[in-house]
Every structure is written in structure tokens, then in C-alpha cells.
Amino acid sequence: MLIATFNINGTNARLPRLLEWLEEARPDIACLQEIKTMTENFPVETLREAGYHCLVHGQKGFNGVAILSREPATEVQRGLPGDETDEQSRYLEAEVMGVRVASIYLPNGNPQPGPKFDYKLAWMERLRAHAAGLLEAGLPVVLAGDYNVIPNDDDIWDASAMRDDALRQPQSVAAYRQLLWQGWTDAVRQLHPVGGIWSFWDYQAGGWQRDHGFRIDHLLLSPAAADRLQDAGVMKDVRGKEKASDHAPAWVRLR
DNA sequence: ATGTCCAAATATTTTGGA
């Protein structure tokens, strides 16, 4: 089964590209981020005609995540637990085809230092707490999304380029590693350990044209899911289309 | 050259976020 994660950067602006990608790639499960629309405005009917069920956790204007699936999905968790005051729509978890899947839009955290960076680190701590619980049952779990963390120096075109950015701060990287050390497998890294694979190219400064990208979209597999890992990668071509998102889909194939 | 794109309000331009 093919599971993908794709930060689409706006549903309204990206719908033709999204439909085209679903038709071409035919993922069994697609975790979307930055849908930037309210739940009730998400194009559920259009996607149903394209062959997908939708679970949606939207928000007006910003953020927002969704899980599309070819088979019906059962929602398990809406919003990341651990802070009742958190209004931002960044987490959705479901049971689909015998696999537990989460769509994650981790806070960007810029500018740093500052309250947005503090929110990012607190959110990562909450994710770590929730993820620990998910490992206990021993089920196949895939935590897929835009983590807004560049894990290694070879996950970016120039190791020094984002040195002062929240995506590359030691605290951000440490929090990501702490999550991995619970027992998660970074699927793309596992199959491409030498790096050099990007999932994001900035619209600015000719990022795509110069291949100035980095890897921030990750699929973390529980041991039961990692045992089934067949292949993983990034669909780079998607980034080169007209009216493309600034992210390309990352994916895993499980046996 | 702090360079582009998206969504919403301030609404045919500006703003906040990324």
C-alpha cells in the first residue's frame, strides 16, 4: 500500500494539481497539510468523485490537515492532545486499512527565538508524549507530515544556509531525534541514508530552478510498520508543475 | 533584489504567515 504526505499550500489554489496528482500517483492514503480552509469548505464531493474518502481538520485561512483514503477511514484523534488552549489545526489521526495514520503539520517556529519558536518546541514535546502512547500497542503506525525540521546537514543543499532558521535549530533537531529514539523509523532516510533528497523548494530566490531545497516532510514508521517497509521517496516532479505547491509529496510503500 | 505565493481583510492593495 502506498501512503503519501503532501503539504499542498492552499486547497483552493491547488485543487487542480491535487486532483492530477491523485489520478497519477493513486496513493491509498494521502495525508495533506496546509489545506488553509475551514472544514466545511473542503471539496469533499469533488474528491469523492475522484475516488477518495476525506477526513478533515480545517481552519480559516491557515494550517489545516486532512487524510484522504481510497478505503473508508475511522477518525481516532482530532487535534494534538496536551493543551486544551491550542486552537491551531495541525493534527489528525485515523485508522485506515489496518494502519494507524496521522497527518501532521508541525509549527514552523520562525522567527526564533520568540513565542512561535517556544510554541514549536512545546508542540514537539506534546507530539513526543502522544507518539510514545502510540508505540505501546505494537500496531503499524505512520506519522506523516510536514515536520518543519531539517534533520541532518545532508538534508539541505547547503548545510550553512538555514543555520539561523527555526527549521535547523539544535533544539528542533534534538526534539526530532528524541522522537526517533522512541523507536520510530524515518522511512525516506532509512532507504536513502546518504541524504541529498529534498521535499521543499522555496518559491523565493529561484529555489526550485537552483535546486536549493531541503527535506522537512517525513514519514515516521512504528516497528510494526517498518517491518513492512518496501520503498520510500519523494515525488520530485510534482514540484516542477505549473502552479505547484512549494512542497513535493513524500511517500512510503508498505507490504 | 528580504526576490514568491496563499488567504483574508484592511478589499482592486495591504497584511500576516510561510
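Among residues of region A:41-65 that are in a loop (DSSP other than H, G, I, E, B), those with a beta-carbon under 6 Å from a residue that is open to solvent by less than 50 Å² (accessible area, probe 1.4 Å) and aromatic (Phe, Trp, Tyr) at least six positions away or on a different chain give the pairs A:Gly58/A:Phe42; A:Asn63/A:Tyr105. Quick check on A:Ser172: is it surrounded by fewer than 18 Cβ atoms within 10 Å (Cβ to Cβ) and more than 21 Å from A:Val234 (Cα to Cα)? For A:Ser172, the condition - surrounded by fewer than 18 Cβ atoms within 10 Å (Cβ to Cβ) and more than 21 Å from A:Val234 (Cα to Cα) - is not met.
Against the criterion of being of a type outside the set (Gly, Ala, Ser), over 18 Å from A:Leu32 (Cα atoms) and touching a Lys or Arg at 6+ places or on another chain (Cβ under 9 Å), A:Asn148 does not qualify. Would you check if there is a residue in region A:115-137 being outside any helix (DSSP H, G or I), open to solvent by 50 Å² or more (accessible area, probe 1.4 Å) and of a type in the set (Gly, Ala, Ser)? Looking through region A:115-137, at least one residue is outside any helix (DSSP H, G or I), open to solvent by 50 Å² or more (accessible area, probe 1.4 Å) and of a type in the set (Gly, Ala, Ser). The strands (runs of 3 or more DSSP E) located wholly in region A:209-255 that include 2 or more residues which are touching a residue at least 12 places away in the same chain (Cβ under 8 Å) and open to solvent by 30 Å² or more (accessible area, probe 1.4 Å) occupy A:229-234, A:250-254.
Within region A:187-208, the residues that satisfy the criterion of being open to solvent by 20 Å² or more (accessible area, probe 1.4 Å), within 16 Å of DNA strand B (Cβ to nearest atom) and under 24 Å from A:Leu2 (Cα atoms) are A:Trp198, A:Phe200.
If you filter region A:138-159 down to residues that are hydrophobic (A, V, I, L, M, F, W, C) and open to solvent by 40 Å² or more (accessible area, probe 1.4 Å), you find that the one that is nearest to DNA strand B (Cβ to nearest atom) is A:Trp157. Pairs meeting the criteria (first residue in region A:14-28 and within 16 Å of A:Asp246 (Cα to Cα), second residue of a type in the set (A, V, I, L, M, F, W, C) and open to solvent by less than 20 Å² (accessible area, probe 1.4 Å), beta carbons under 7 Å, at least 6 apart or on different chains) are A:Arg14/A:Ile8; A:Arg17/A:Ala244; A:Leu18/A:Ile8.
All of (1) open to solvent by 30 Å² or more (accessible area, probe 1.4 Å); (2) near DNA strand B (Cβ under 8 Å from one of its atoms) hold for A:Glu40 with one exception: (2). Reported count of residues in region A:18-37, each being within 11 Å of DNA strand B (Cβ to nearest atom) and open to solvent by 60 Å² or more (accessible area, probe 1.4 Å), is 1.
The values are calculated or read from the model by the stated rules, or taken from the named source; none is laboratory data. What you see is a predicted model; the values in this text were computed from it and never measured. Reconstructed Cβ throughout: ideal geometry from the backbone, glycine too, with neighbour counts over all protein chains shown. Protein only, heavy atoms only, side chains kept; ligands, DNA and RNA dropped before computing areas. Shrake-Rupley method; radii C 1.70, N 1.55, O 1.52, S 1.80 Å.
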